[in-house]
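The values are calculated or read from the model by the stated rules, or taken from the named source; none is laboratory data. Values in this document were obtained by computation on a predicted structure and should not be read as measured data. Virtual Cβ from ideal backbone geometry, glycine too; neighbours counted across all protein chains shown.
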Amino acid sequence: MISYAITDPSTLDLNHLERDLTRFSQKASMIVYRDKSNASKYDVDFVKAAKVFGFEKVIIHGDLVSANAAGADGVHLSSLQLNDIPEAKAMDLFVVVSTHSIDELKNAESLGADMATFSPVFDTPNKGLPVGLEALASVTSQVNIPVLALGGILTQEQISACQIAGASGFASIRYFRG
């Protein structure tokens, strides 16, 4: 099962990158650097440091040009960036896309995304009403790309429930906080 750590300034301190990446590497198979306040300022440093830890994929959030320039394995695009998928694929980037509906998920798949998150599955701050496990099961059965459950995932029980619902894995910020 894929375990995808989404970093943010509350979970990743660039002044203590090795310490924090050590913590992430104990639970995560993939990691994405996401810091909306610093844009791409630290992408190269993050990618270089994270690659030492053996993550299956080291990804940059939101900026395919920066991901490519930093030597990342891929890019994580928002649902508003679906049209950037072909360009990212042309750069030979692994593409993860955030989705919130079956239409977005099918569109991401048709445009060539390698993987998608689907959210929010469980209750999570500031993300609207959770879609629940039944919706997760429904969407995973309608596409052929791996779907990662996202939103409110804090426990092993939730992870197991997502796997039973057909998710190929899960993505989380708070689960990896430590």
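Sort out which residues of the stretch 101-111 are surrounded by fewer than 14 Cβ atoms within 10 Å (Cβ to Cβ) and either hydrophobic (A, V, I, L, M, F, W, C) or part of a loop (DSSP other than H, G, I, E, B) (or both), and write them in order of number.
The answer is Ser101, and nothing else.
Which of the following residues is outside any loop (DSSP other than H, G, I, E, B) and either within 20 Å of Met1 (Cα to Cα) or touching a residue at least 24 places away in the same chain (Cβ under 8 Å) (or both): Ala116, Ala167?
Just one listed residue meets the conditions, Ala116.
For residues in the stretch 1-51 being of a type in the set (Lys, Arg) and in contact with a Ser or Thr (Cβ under 7 Å, 6 or more places away or on another chain), which is surrounded by the fewest Cβ atoms within 10 Å (Cβ to Cβ)?
So the residue we want is Lys27.
Does Ile85 fit the bill of being within 26 Å of Phe46 (Cβ to Cβ), touching a residue at least 60 places away in the same chain (Cβ under 8 Å) and part of a helix (DSSP H, G or I)?
Against the criterion (within 26 Å of Phe46 (Cβ to Cβ), touching a residue at least 60 places away in the same chain (Cβ under 8 Å) and part of a helix (DSSP H, G or I)), Ile85 does not qualify.
Hey, can you tell me all the residues within the stretch 120-142 that are of a type outside the set (Gly, Ala, Ser), over 17 Å from Ile2 (Cα atoms) and surrounded by 14 or more Cβ atoms within 10 Å (Cβ to Cβ)?
Within the stretch 120-142, Pro120, Phe122, Thr124, Lys127, Pro130, Val131, Leu133, Val139 meet the criteria.
For the stretch 52-64: of the residues being touching a Ser or Thr at 6+ places or on another chain (Cβ under 8 Å) and outside any strand (DSSP E or B), which is nearest to Thr22 (Cα to Cα)?
Only one residue tops the list, namely Phe53.
Can you tell me which of (1) farther than 21 Å from Leu150 by Cα; (2) outside any helix (DSSP H, G or I); (3) in contact with a helix residue (DSSP H, G or I) (Cβ under 6 Å, 6 or more places away or on another chain) is the one Val121 doesn't meet?
Tallying (1) farther than 21 Å from Leu150 by Cα; (2) outside any helix (DSSP H, G or I); (3) in contact with a helix residue (DSSP H, G or I) (Cβ under 6 Å, 6 or more places away or on another chain), Val121 fails exactly one: (1).
Kindly indicate which of Gly152, Gly128 is modelled with pLDDT under 95 and on the phi > 0 side of the Ramachandran plot.
So the residue among Gly152, Gly128 that is modelled with pLDDT under 95 and on the phi > 0 side of the Ramachandran plot is Gly128.
In the stretch 143-159, which residues are without any contact (Cβ under 8 Å) to a residue 12 or more places away in the chain and closer than 12 Å to Ser3 by Cα?
Hit for the stretch 143-159 is Gln156, nothing else.
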